[in-house]
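The values are calculated or read from the model by the stated rules, or taken from the named source; none is laboratory data. What you see is a predicted model; the values in this text were computed from it and never measured. Counting neighbours? That spans all protein chains shown, and the Cβs are built from the backbone with ideal geometry, glycine included. The accessibility values were calculated without ligands, DNA or RNA, using every heavy atom of the protein model including side chains. Shrake-Rupley method; radii C 1.70, N 1.55, O 1.52, S 1.80 Å.
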Amino acid sequence: SGGYYFFKKEKTQRKSYPTMVLRLLKEVELSIQLGYIILEQHPQVDIEIHIDANSKKTEPTGKFADMLMGYAKGAGFRCKIKPEAWASNSIADKHSK
């Protein structure tokens, strides 16, 4: 139990990422980049990326979940999607709303 989370708040124009899939891919890309930065300094750390996509295929983000998880796993990270991705459900809302 317990743990740490890292975030970076960055404002971008919505037109830079006009579709949901582009926004989600960018979020995962930034998470992977941050994961690599952390691993450079602390190679023993076990990092898990929480992706803001839903496991239900009927949800708007659900159709991208497998692709996004494959991206994170291919980069060498464990990952979770909603509803198991508690960080994307609760902590992210504290920083984005």
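Is it the case, given these coordinates, that Y17 is of a type outside the set (D, E, K, R), out of contact with any Pro (no Cβ under 8 Å at 6 or more places or on another chain), within 22 Å of H95 (Cα to Cα) and surrounded by 14 or more Cβ atoms within 10 Å (Cβ to Cβ)?
Yes; evaluated as a whole, the condition is true for this residue.
So which residues in segment 57-96 are aromatic (F, W, Y) and within 12 Å of the chain's Cα centre (by Cα)?
Result: Y71, F77, W86.
If a residue has to be within 15 Å of G3 (Cβ to Cβ), within 11 Å of the chain's Cα centre (by Cα) and open to solvent by 30 Å² or more (accessible area, probe 1.4 Å) to count, how many in segment 35-53 make the cut?
2
Select from segment 54-97 the residues that are hydroxyl-bearing (S, T, Y), surrounded by fewer than 18 Cβ atoms within 10 Å (Cβ to Cβ) and at pLDDT 85 or above and list them in ascending order.
S55, T58
Name the residues in segment 55-74 that are in contact with a Ser or Thr (Cβ under 9 Å, 6 or more places away or on another chain) and either of a type in the set (S, T, Y) or under 23 Å from K9 (Cβ atoms) (or both), would you?
Of everything in segment 55-74, those that are in contact with a Ser or Thr (Cβ under 9 Å, 6 or more places away or on another chain) and either of a type in the set (S, T, Y) or under 23 Å from K9 (Cβ atoms) (or both) turn out to be L68, A72.
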